[in-house]
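The values are calculated or read from the model by the stated rules, or taken from the named source; none is laboratory data. What you see is a predicted model; the values in this text were computed from it and never measured. Here the Cβ positions follow ideal geometry from the backbone for every residue, glycine too, while neighbour counts run over all protein chains shown.
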Amino acid sequence: MGKTIAEKIFEAHLVDEPFGDVSVLRLDRVFCHEITTPTAIQDLVARGKDRVFDPDKIKAVIDHVTPAKDSKTAMQGKILRDWANRHGIRDFFDIGQNGVCHAIFPEKGFVRPGFTIIMGDSHTCTHGAFGAFAAGVGTTDLEVGILKGVCTFKTPQTYKIDIVGTLKPGVYAKDIILKVIQELTVNGATNMVIEFAGNVVDQMNMDQRMTLANMAVEAGATSGICLPDMTTVNYLWEFIKDEYASKEAALKAFSKFSSDPDAVYAKTKTIDVSDLCPLSTFGYKPDNVKPVSEMAGTKVDQVYIGSCTNGRLEDLRIAAQILKGNKISSHVRGIVSPATPEIYSKALDEGIIKIFMDAGFCVTNPTCGACLGMSNGVLAEGEVAAATTNRNFNGRMGKGGMVHLMSPATAAATAIKGEIANSNLYLN
Amino acid sequence: MKEFKGKVLFLDRSDINTDEIIPAKYLTEIEKIAMGPHLLEDLKMDGFDPKTDIQGKSVVLTQGNFGCGSSREHAPWALEVNGIHVVIAPSFARIFRQNMYNCGMLAIELPQKTVDDLFKEFAGNDTVIAVDVKAGQITVQAGAKTKDIGFEISGFDKELVQTGGWVEYADQNY
Ligand code: SF4
């Protein structure tokens, strides 16, 4: 009987099976940010266990609120910074070098196929785009990860989703994942790993795969995962070229972590995206999804382009293509946050930042910012936002605010029109 | 081991998310106790007022997929500092459920029908639930009416609840 990639990763990292019902796994990476890690650090200190299992496997960033907005967030940053210094955690990204965790860690080459990764952040599933088992955890799991380099998980059940067909112009990875969540519902994959497969995923670049894997948790999944292939190797090549004789050799090594053709899946589904049109959410749950055409005319007060879902270079390029030569509506506040300094810098080189500014956008430093309503663009009560982020919960971007999730293309068109609009209006 | 007994807060809605349990703006707090007054403050539900309905409650009975959304352990902490150590529902979001056990608290899954029956029979009445972890039994009581319901949790979860959480267990064993 064949095995899934998740089963193979579990086997390769198994430390213990206490009571037979959970697996304790050895971790390759523990990622940290300044919102959930300080409480873990302080608890470890209080317990007299201020240790780290391996400073080279721990990576940390200040990303949620940066620069600090007040004394409390300054203290969260300080606790993380002091801890990283005291334990020799060299890969710590502070102001000037920092960006959104799920964008910067892959960009620095910290993720490999077959890795086990945890972070105190639910969108850790993003890193599954590289064929890793990556899961969000709470503070206590994070604390134990930092201390001992282990974490427990139930044996994974895999939900395989084949995405097939040919995408129409103006339809993107974000539309696909919104469609997947609509079909699965918000708890359709709880306690499962979603394996994304099919010709559409095979043809995606890593930015697009990360958008897909990023929102697996919105369907309840523990992790989203894409099988490693030459696209994965090409992305990682600059970081691994000293370890492998050739790209083919790297691919062969990574293919150890791939699903067998006769692997057994808990569930499977095929989604043909050939007829898919741009989508947007309409309510307070990410599975409340409708075609953009049915949302047309919905006025928005703010458009936010950024986040770990859609703040990467390709996302900015697509939005800029639509914004070029246009001005955003006079009643819309446009905010764009390139997800990392490298993305920001490349966007500057490519003239993308200028296009955003000419259109009337405010360009912020790389940060989570408005995504979770903690800084840089909180909504007022009763306001409506169009956002390329991943969560539309009531109050997510500010108490009493409404968030419509969509692709960067749709968000750009919406900014121009001042109401939710299809990007084909502005693409010639 | 924590105390798993007391008055029931009935929340008859599914998909109650972590932003509703504790809004993101309180994530800048470093002390658990600071979560106390803000538990469920953004939960919009007919007949529920966080200002008056949480006080004195020790057990939450709710619907499916409770705790979906972010990984914040602030959600179980907000319950904990309000003296709520048990949540009973047909299903939970994975991270929330794990966080509860990691803190030595109980997230008990019961069949949908059982939960629906409990809402039908007890909601609106002053109800007390007592959980016997060792025996795997829940006793629900309102006035003269009582009902016993069996439940199962895994051996590992039981160990976490009995030893008070995952940090000590892991540091001793790995
Ligand atoms: S960008 Fe938003 S969803 Fe992503 S890590 Fe930051 S706050 Fe979380």
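Set side by side, the residues A:GLN203, A:GLN208 differ, and just one is away from chain B (no Cβ under 14 Å), in contact with a helix residue (DSSP H, G or I) (Cβ under 7 Å, 6 or more places away or on another chain) and at pLDDT 95 or above, which is A:GLN208.
Just one of (1) crowded, with 17+ Cβ neighbours inside 10 Å; (2) modelled with pLDDT of 95 or more fails for B:ASP12. It is (1). So, of the residues in the range A:202-251 that are assigned to a helix (DSSP H, G or I) and among the β-branched types (Val, Ile, Thr), which turns out to be farthest from A:LYS179 (Cα to Cα)? Here the answer is A:ILE240. Scanning the range B:72-91 for residues that are within 24 Å of A:THR222 (Cα to Cα), touching a helix residue (DSSP H, G or I) at 6+ places or on another chain (Cβ under 8 Å) and within 14 Å of chain A (Cβ to nearest Cβ) yields B:ARG72, B:GLU73, B:HIS74, B:ALA75, B:PRO76, B:TRP77, B:ALA78, B:LEU79, B:ALA89, B:PRO90. Restricting A:LYS69, A:LYS3, A:LYS59 to those that are in contact with a Ser or Thr (Cβ under 8 Å, 6 or more places away or on another chain), within 16 Å of the ligand (Cβ to nearest atom), among the charged types (D, E, K, R) and at pLDDT 95 or above reduces the list to A:LYS69. Reported count of residues in the range A:294-313, each being in a loop (DSSP other than H, G, I, E, B) and within 16 Å of the ligand (Cβ to nearest atom), is 3.
None of A:LEU348, A:LEU323, A:LEU316 is more than 16 Å from the ligand (Cβ to nearest atom), crowded, with 24+ Cβ neighbours inside 10 Å, of a type outside the set (Phe, Trp, Tyr) and away from chain B (no Cβ under 14 Å) except A:LEU323. Selection of helices (runs of 4 or more DSSP H) fully inside the range A:79-196 by the criterion of at least 2 residues being away from the ligand (no atom under 16 Å from the Cβ), within 13 Å of chain B (Cβ to nearest Cβ) and without any contact (Cβ under 8 Å) to a residue 40 or more places away in the chain returns A:139-148.
When each of B:LYS113, B:LYS158 is tested for being away from every other protein chain (no Cβ under 13 Å) and among the basic types (Lys, Arg), the lone residue that passes is B:LYS113. For the range A:360-374, filtered to residues that are in contact with a Pro (Cβ under 9 Å, 6 or more places away or on another chain) and assigned to a loop (DSSP other than H, G, I, E, B), the residue that is nearest to A:VAL403 (Cα to Cα) is A:GLY373.
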